[in-house]
1. Does region 213-323 come out rounded, prolate or oblate, given a ≥ b ≥ c as the square roots of the eigenvalues of its C-alpha gyration tensor, rounded meaning a/c under 1.5 and, failing that, prolate meaning a/b above b/c?
2. Excluding residue 108 itself, calculate the net charge of residues whose Cβ lies under 9 Å from the Cβ of residue 108, where each Lys or Arg counts +1 and each Asp or Glu counts -1.
3. Over the chain, what is the mean sequence separation of C-alpha contacts under 8 Å (at least six apart), divided by residue count, expressed as relative contact order in percent?
4. Just to verify a number: FRET efficiency for residue 29 and residue 75, C-beta to C-beta distance, R0 = 35 Å, to 0.05?
5. Would you compute, for the Cα atoms of region 245-380, the largest minus smallest coordinate along each principal axis and list the three values in descending order, in whole Å?
6. Among 228-239, 307-318, what's the highest-first ranking by average C-beta atoms within 10 angstrom per residue?
7. Any chance you could run the full-extension gain for residue 210 through residue 346? It's 0.36 nm times the residue separation minus the Cα-Cα distance, nm to one decimal.
8. Can you tell me the order of 107-117, 46-56 when each peptide is scored by its average per-residue count of other Cβ atoms within 10 angstrom, highest first?
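Here, each number is a calculation from the coordinates, and none is a lab measurement. Given the structure is predicted, the values throughout are model-derived calculations rather than measurements. In this analysis, Cβ positions are derived from the backbone assuming ideal geometry, glycine residues included, and neighbour counts consider all displayed protein chains.
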Amino acid sequence: MKPRIALCLLALAACSDGPSGGGPPAGEVSIRLQQVVEGLQSPVFLTAPANDPRLFVVEQPGRIRIVQNGSLLPTPFLDLTSRVSAGGERGLLSVAFHPNYAANGTFFVNFTDTRGDTRIERFRVSTDRNRADAASAELVLTVAQPFSNHNGGLVAFGPDGKLYIGMGDGGGGGDPEETGQDPMRLLGKMLRIDVDGARPYTIPAGNPYAGRTDGQREIWATGLRNPWRFSWDRTANLLFVADVGQNRLEEINAVPAGQGGLNYGWDTMEGSDCFEPATGCDRTGKVLPVSEYTHSDGCSVTGGYVYRGQDIAALRGHYFYADFCEGWIRSFRMANGAATEPRSWDLENVGNITSFGEDARGELYVISQSGAVHKIVAAP
């Protein structure tokens, strides 16, 4: 399901300065993948509400399933299969629980509808904590998709309490509609909206085009090809964006979490290279990856998380990511604006890795397209 990604851990340019907040070097610990559950149908995401021990797993065909006390509950938390077009890069792609979910029971989903367009919708939980109220659906935002691929897919709350939406360039290969650098299009962008004010949402004052007419007000950052997965390290105040490459390079970016108006370069650039040399390749003002790898090492980057869990102290501060095709898992730590301590982990190959997940305690999980979820744990 995932887009293409490649790898060759190479620190390039300092996107930000900040403490890693890490513990001992990761080389002092061994880890393994512990299977939590299997039998899911094309799982693509995992998350949990704050202070909630349950795991919520998104299945691409349109269901959200709950893992409770180590068991997969038979009844879905939410079933949108009749409203979702699934297959390839389309489907139900993510869920985000409101930071105050315990009190307001509100969550948001990102899916491609039966026309293939992106929809962000708001739901509420029912009186049964393990069932959503499907009738509570409210449209927040819809974005027309010109092709079937590069839909982005992640909706997530940032440390500022705002809702972020990763939008791919609309697909087709090579950004044929030139959306990545067009501020009048929502495609190829990172969006940021406030869902706590007037419905369906309001524009945060800090958005670069707020109060302007030369760009869409929802835009937070531009120049993205397909930001399938992104995440924040709240300790170091960094936003990590893994952007899937086109012909040669897969990239991971790390930027200050509160810095809007950044340009990640697509389709002027692919990673640190020129993608359209005939039109010139001015790197001025462009975000350069802190890590990238070539397609000789993989096909599509699956972005992950910085480990901030409690169980494995030596991993704290290390960003984990994978390649969808090759199934390897690697990590690095940010220090003084650069990717350091790169490591390839010798782990069981669990197949095509569609996503990582994080539970309420900050422990990390690996989601496989084959239908299994594994937890990263310390090896004996």
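1. oblate
2. Working: positive: 122; negative: 121.
The answer is 0.
3. Numbers: 1144 pairs, mean separation 90.2, N = 380.
Relative contact order of the chain: 24 percent.
4. Efficiency computed from Cβ-Cβ geometry: 0.35.
5. Result for region 245-380: principal-axis Cα extents of 53, 31, 23 Å.
6. Values: 228-239: 22.2, 307-318: 19.7.
Final packing ranking: 228-239, 307-318.
7. Values: separation 136, 0.36 × 136 = 48.96 nm, distance 4.66 nm.
Value of the extension gain: 44.3 nm.
8. Values: 107-117: 19.7, 46-56: 18.1.
Result, highest mean first: 107-117, 46-56.
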